[in-house]
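Reading through the structure tokens given below for one structure.
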Amino acid sequence: MAEAEAQSAALNARQAELLRHIAELRQERATLLTGQEPPLPAGEQPLVTHQSPQEAKIALFRSLFRGREDVYPKRFVSLKTGKSGYQPACRNP
């Protein structure tokens, strides 16, 4: 039984490794298809404030909404609460 549990643990570890590798390959493929740079890791994101240059703001926006070209953010303002935000929108062919 201990041998079977050890084999199961080894298979689970291998599965996790393969799933990570698949995710990396998918991200690489998406990057190649869109011609965009991969996003920076969370700890390496540049700080963008309202005083940042326009180019930095655009780069941040594009990094947050990268991916499918037919889906883009749409700003909304709630008539009831006055709150605003963004929601996904889609260009349907």
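Tabulated data for the structure shown
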| read-out | value |
| --- | --- |
| Interchain or long-range residues, amide H under 5 Å from ALA89's placed H | TYR72, LYS74 |
| Solvent-accessible area of ARG20 with every protein chain in place, 1.4 Å probe, in Å² to the nearest 10 | 140 Å² |
| Inter-label distance, nm, simple model (7 Å from Cα along the C-beta direction), LEU47/SER63 | 1.4 nm |
| Phi-based couplings in Hz for region 57-64 (Karplus 6.51, -1.76, 1.60; Gly and Pro marked x) | 5, 5, 4, 5, 4, 5, 6, 7 |
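The values are calculated or read from the model by the stated rules, or taken from the named source; none is laboratory data. Predicted, not measured: the structure shown is a model, and the values here were computed from it. Using ideal geometry, Cβ is built from the backbone for each residue, glycine included, and neighbour counts are taken over all protein chains shown. Heavy atoms of the whole protein, side chains included, go into the accessibility calculation; ligands, DNA and RNA do not. Shrake-Rupley method; radii C 1.70, N 1.55, O 1.52, S 1.80 Å.
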